[in-house]
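Here is the structure we will look at.
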Amino acid sequence: MLKALIFDVDGTLAETEDLHRRAFNRAFSELGLNWHWTPDLYADLLKVMGGKERLLHYIVDTYPGDNALLDRMPAIHALKTRHYGEFVERGHLGLRPGIGRLIAEARADGVKLAVATTTSRPNIDRLIRENFPEGDEPFDVIAFGDEARRKKPAPDIFELAVERLGIDPSEAIAFEDSAAGIRSALDAGLAVLATRSRYTQSHKLDGAFSAVSNLGEPGAPHDHLAGVTWPGGVVTLDALRDWHAGRTLAA
Ligand code: XBP
Ligand code: MG
């Protein structure tokens, strides 16, 4: 039985990465650092999952041996997280096509919902507050950032989400936008549906049983990229169930 849907956050629930990039740049300029991450540079830096890890990678790569800069990383990241939250609120960052609808379908049918993300907890809470009524908690489980010993592409964060859901990985489907995220979910024993995002246009979505441009909406079908196709270009709970049942039968 399909018991749960497990969502990545950045690039999957919402197109957040460019807000992260701008928040980094805002923090750099406020702290007097003449660094500027362009979209192209950021797309390359995204090969390192985790904002803190990404910053460390950038500093070591660009300023080798500069320990004073390394020591400033936590303060830079904290300021970035604050700006990110403000950008989410000010920009009213919405969910990607089909996400709100599928979440509502799952909640109406008692299918559990989880998040398995690399990002920091305040960023998740802000996105939820921006898109769900006050006090509403759509996710049964939230596994995030530093709760995982190793970040994506290691399976840790998806394994943690599955453990907290109290299910077997075969009873869930994961949703991801990046190659590292897909690897993480697959290695946690999960089937993965990939929704390519703005910053993962160059990523190989290998291993996903289906890859689409987004989950689609009635009247606004997605573009099919690879693997399983969806009636009318819309990923619905019923269609996910049918696929899952078919897979279970075939196993
Ligand atoms: C993608 C990430 C995140 C964000 C930045 O997360 O790598 O680290 O880019 O967020 P996801 P933090 O697994 O949701 O795709 O600065 O909070 O790490
Ligand atoms: Mg992502």
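The values are calculated or read from the model by the stated rules, or taken from the named source; none is laboratory data. Owing to the predicted nature of the structure, the values given are computational and were not obtained by experimental measurement. Here the Cβ is made from the backbone with ideal geometry for all residues, glycine too, and neighbour counts use every protein chain on show. Please note that ligands, DNA and RNA were not included when accessible areas were found on the heavy atoms of the full protein model with its side chains. Shrake-Rupley method; radii C 1.70, N 1.55, O 1.52, S 1.80 Å.
Quick look at the values:
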| read-out | value |
| --- | --- |
| The range 43-58, subset in contact (Cβ under 8 Å) with a residue 40 or more places away in the chain and within 9 Å of ligand 1 (Cβ to nearest atom), residue farthest from the chain's Cα centre (by Cα) | GLU53 |
| Subset of the range 1-20 (residues that are out of contact with any Asp or Glu (no Cβ under 7 Å at 6 or more places or on another chain) and more than 14 Å from ligand 2 (Cβ to nearest atom)) | LEU5 |
| Residues satisfying the stated conditions in the range 183-209, i.e. of a type outside the set (A, V, I, L, M, F, W, C), open to solvent by 10 Å² or more (accessible area, probe 1.4 Å), within 14 Å of ligand 1 (Cβ to nearest atom) and in a loop (DSSP other than H, G, I, E, B) | ARG196, HIS203 |
| Within the range 38-75, considering residues that are in a loop (DSSP other than H, G, I, E, B) and surrounded by 15 or more Cβ atoms within 10 Å (Cβ to Cβ), the one farthest from ligand 2 (Cβ to nearest atom) | VAL48 |
| Selected residue [over 19 Å from the mean Cα position of the chain (by Cα) and hydrophobic (A, V, I, L, M, F, W, C)] from VAL235, VAL228 | VAL228 |
| Contacts under 9 angstrom Cβ, first residue in the range 113-131 being farther than 10 Å from ASP10 by Cβ and basic (Lys, Arg), partner part of a loop (DSSP other than H, G, I, E, B) and open to solvent by 10 Å² or more (accessible area, probe 1.4 Å), 6 or more apart | ARG121/PHE144; ARG126/LEU93 |
